[in-house]
Structure formats: C-alpha cells, structure tokens
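Only one structure is covered here, and it is reproduced in the block below.
The values are calculated or read from the model by the stated rules, or taken from the named source; none is laboratory data. Computed from a predicted structure; not experimentally measured. Methodologically, a virtual Cβ is constructed for each residue, glycine included, from the backbone with ideal geometry; neighbour enumeration extends over all protein chains shown. The accessibility values were calculated without ligands, DNA or RNA, using every heavy atom of the protein model including side chains. Shrake-Rupley method; radii C 1.70, N 1.55, O 1.52, S 1.80 Å.
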Amino acid sequence: MKREIPLIASVLIVTAMVLLCVIVFQVVLLAFSGPAVGLTRFSLLLLQMLQQVAMMVGVVLSSLVLREKMKPALLLSRPNSWVSCLVVVLMMMLFIPVMNCMESYGEMFRLPAFLSGLESLLRTLEDAARQTLETMLKTDSVGGLLINVLVIALGAALSEELIFRGILLHLFRKHWSVHVAVWVSAIAFSAIHFQIYGFVPRMLMGALFGYLAVWSGSLLLPVVAHFTNNACVVVAEYVLGEDSDKVFSEPFMGDYWWLMVLMTLAALCLLTWVQRLNARR
C-alpha cells in the first residue's frame, strides 16, 4: 500500500517543486539573454510566459513525486458541456464590475496609525505590481493584444488553476471537507498575488473557481472563468486605456448602484444554473 504523506509535507513538496522549476527557468533565461535584461514589455511577457510553463512543469513533477494519479489529481479526466462554458463566460462578465467595486472599496481601507509603515510598504508593493502589469498590457497593435490574451489571460489561467484548483485542492480534499478545501485554496490563491487591497475580491473569485471545479469534476470551467476575467481586463485596457478600472467601478459605486445589485443577482442565478447543469450530469 502507498504510504499517506502528511498534508503539510505534500503542500511543501508542491511549493518547492514549483519554485525550483521557476528558478531553473529564470536561470536558463539569464544564461541565454545575459544579466542586462531590461524591464521592457517584451522581457516581462517572456519572463511571465516562462514562469507559467515552469509552474505547470512543477505541478506535474510534484504529482509524480507524491505518486498521485495525474488525471484525477489535476481534474483532467472529465469533459464538460459547451453550455456550461458559455454560462460561465456570461457569469464572469457580470461579476467583473462587482469585483472592481470591491477592490475600489478595499483601496479606501486604512490600517491603524501604529501600522503606517506596514501600510506604506503594502501600497508600494501594490503600486509596483500594478505598474508591471500596465507595462505588459501597454500595446497599440492587434498582434500585441493577441499576445497579451495568450500570455496574461490564457497562460495565467492554465498555470494558476493547475496549482490551486488542481493539485492543491485535490490534496486539501483528501484531508478536509469540500468547503474547507475550497476556501483554503482560495485564500492561498489570493495571498500569492501579494496585493492586500484586492485580497477579499480575489479570495471570493478563487472560491468561485473552486466550487466550479468541485461541481464539474473538471478544470475546464475554472479555467474558462479565470480566462474570461483576465481577458476582459486585457481587452478593456487595450480599448479604454488606464481608465478601464474606473469605467467598470465608479458608475456602480454612485447613482447606478442598483445596476450592480441586479448584475450580482443575475450572476448568482447563472452560477446556480451551472451547478444544476453539472449535478444533472
């Protein structure tokens, strides 16, 4: 019989394998490009793509080290209907303004005065992450837009879902109830982005992806949902520029708050529909 590996040890193995692969891929990049790689849009996208590939390789290697059957562990064995995928896309497009509003409210949050130094550090990290993303998103060509969709939207969706709704959710469910497993993976998903003011909406989004994975028994629906969210950000930045966040949040925080409530209710109805579609299967 296969000896059961403790949960903490399993999580540490997954983390170590993913980090090891990321470091190895970065070393290879530096070996071929030299140390003087500037932070241009091209270099950031290339680094992002290599990190995504490294993360996916790390997940596969960790599943082999843990001797987990890859298809069930990574939720790759069940297909899903195109109707469910379409409903998930519509649901995410309705949820995006709600998430943006929550993030805008989160930015108004202030820590107590004695933690002002920590707050200053968190805001600096948040601004740096936002500046890096804006550099990668900045393009005025259709080709650049397609590259952003592939790397920032699809690549991030695939790599992050393999980790958080794939191997980690699988490990958590072996030791905890479904709800605890979903929410712990959602907290880890939000924490790994190191953006404290968007922590709550990103955690809720991670929980949504987790329940989609549990209900469908497949990574397809959370990947579709994650990709839709990222792709909307990419396209909105291309069309509207740096004011895209304000366009999708400010109106719903003012006179049109009732529209956000209606969109939230409609999105929840679609979420219920997805659950019923997959329960029927």
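The single residue among LEU158, LEU125 that is under 24 Å from VAL57 (Cα atoms) and either without any contact (Cβ under 8 Å) to a residue 12 or more places away in the chain or open to solvent by 20 Å² or more (accessible area, probe 1.4 Å) (or both) turns out to be LEU158.
Mind telling me which of the residues ASN100, ASN80 ends up being outside any helix (DSSP H, G or I), within 25 Å of THR264 (Cβ to Cβ) and touching a helix residue (DSSP H, G or I) at 6+ places or on another chain (Cβ under 9 Å)? Full working, then the answer.
Working: ASN100 fails: outside any helix (DSSP H, G or I).
Going through ASN100, ASN80 in turn, the sole match is ASN80.
Close Cβ contacts (under 9 Å, 6 or more residues apart or on different chains) running from residues in the range 202-219 that are part of a loop (DSSP other than H, G, I, E, B) to residues that are open to solvent by less than 10 Å² (accessible area, probe 1.4 Å) comprise GLY217/ASN278; SER218/LEU212; SER218/ASN278; LEU219/LEU74; LEU219/GLU161; LEU219/ARG165; LEU219/GLY166; LEU219/ALA213. What is the residue count in the range 186-219 for residues that are buried (at least 23 other Cβ atoms within 10 Å of the Cβ) and more than 16 Å from the chain's Cα centre (by Cα)? Matching residues across the range 186-219 total 1. Only residues that are charged (D, E, K, R) and open to solvent by 10 Å² or more (accessible area, probe 1.4 Å): list them for the range 161-185, please. Matches in the range 161-185: ARG173, LYS174. Annotation: of all residues in the range 56-76 being in contact (Cβ under 8 Å) with a residue 60 or more places away in the chain and open to solvent by 60 Å² or more (accessible area, probe 1.4 Å), the one that is farthest from PHE172 (Cα to Cα) is LEU76. Within the range 87-122, if we keep just the residues that are over 18 Å from ASN229 (Cβ atoms) and under 21 Å from the mean Cα position of the chain (by Cα), the residue that is surrounded by the fewest Cβ atoms within 10 Å (Cβ to Cβ) turns out to be GLU107. Against the test of being more than 15 Å from VAL87 (Cβ to Cβ) and at pLDDT 90 or above, the options ALA213, ALA236, ALA267, ALA191 yield a single qualifying residue, ALA213.
Under the condition of being of a type in the set (Phe, Trp, Tyr) and either more than 22 Å from VAL200 (Cα to Cα) or assigned to a helix (DSSP H, G or I) (or both), the residues counted in the range 106-146 number 1.
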